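The structure appears right after this line, and notes come after that.
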Amino acid sequence: MKHLKLFATLCCAVLLFAGAKGNENGHEWVDLGLPSGTKWAACNVGATSPEEYGNYYAWGETEPKTIYDWSTYKWCNGSNTTLTKYNTDSDYGTVDDKTVLDPEDDAAAVNWGGEWRMPTDAEWTELRTNCTWTWTTLNGINGYEVKGTNDNSIFLPAAGYRVGDDLYYAGYYGRYWSSSLSTGSPYNAWYVYFYSGYVSRSNYYRCYGQSVRPVL
């Protein structure tokens, strides 16, 4: 009987571990035990390991580029008052009242395929409030270990961000896009940002280049 109980316990442990991670269209996901059931990717878009920075994307664009400003931004005519998509205020261009990225403008969905997409602002908030964030290093790279209530974790490297043709604060600061527009200032979109000892959310210019961490 004791051997049967031990076998059952081991089987349950194996099943639990097997359900902690998985693969979607060639990219690994991790179950952090979140209330919504959302699974988070193990790497940034453009990276092949958790500590790699990966690519930088303007909000609503699906390819990296060399210059990140309004003159090169896809969804405007050269300024933040001439928006052509994702706009809720006529003072800033053509109004379409779209507040979440369409799949064809989602860097995670386009580059990774399958069921991958960029997280919403609400999903980032869930990650911030339901997980333990610890500033650490992985293979020499600074960032946050984000551990769920089930002890599974992901690593978010402090990849910095791009403005114009420059990369700022790599190794010290992380900025990760959500798929959610800032409706009060539609030239901005919501993102999570962090540095050692601090994690929060904000919204800023859609034309800047930031990291993307996909979800399922």
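Points worth noting:
- Applying the criterion of being among the hydroxyl-bearing types (Ser, Thr, Tyr) and in a helix (DSSP H, G or I) to the residues of the range 64-102, the residue that is surrounded by the most Cβ atoms within 10 Å (Cβ to Cβ) is Tyr92.
Every residue, every condition in (1) of a type outside the set (D, E, K, R); (2) in a helix (DSSP H, G or I), yes or no:
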| site | (1), (2) |
| --- | --- |
| Pro119 | yes, no |
| Arg128 | no, yes |
| Gly143 | yes, no |
| Asp151 | no, no |
| Arg175 | no, no |
| Thr183 | yes, no |
| Trp190 | yes, no |
| Val199 | yes, no |
| Gln210 | yes, no |
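- Restricting attention to the range 53-74, the residues being in contact with a Cys (Cβ under 7 Å, 6 or more places away or on another chain) and either more than 17 Å from Pro119 (Cα to Cα) or not small (Gly, Ala, Ser) (or both) number 4.
- Criterion: surrounded by 15 or more Cβ atoms within 10 Å (Cβ to Cβ), within 15 Å of the chain's Cα centre (by Cα) and free of Cβ contacts under 8 Å to residues at least 60 places away in the same chain - qualifying residue of Glu51, Glu123, Glu61: Glu61
Only the coordinates and a few stated rules stand behind these numbers; no lab work does. None of the values given here were measured: they were computed from a predicted structure. So basically every Cβ, Gly included, is an ideal-geometry build from the backbone, and we count neighbours across all protein chains shown.
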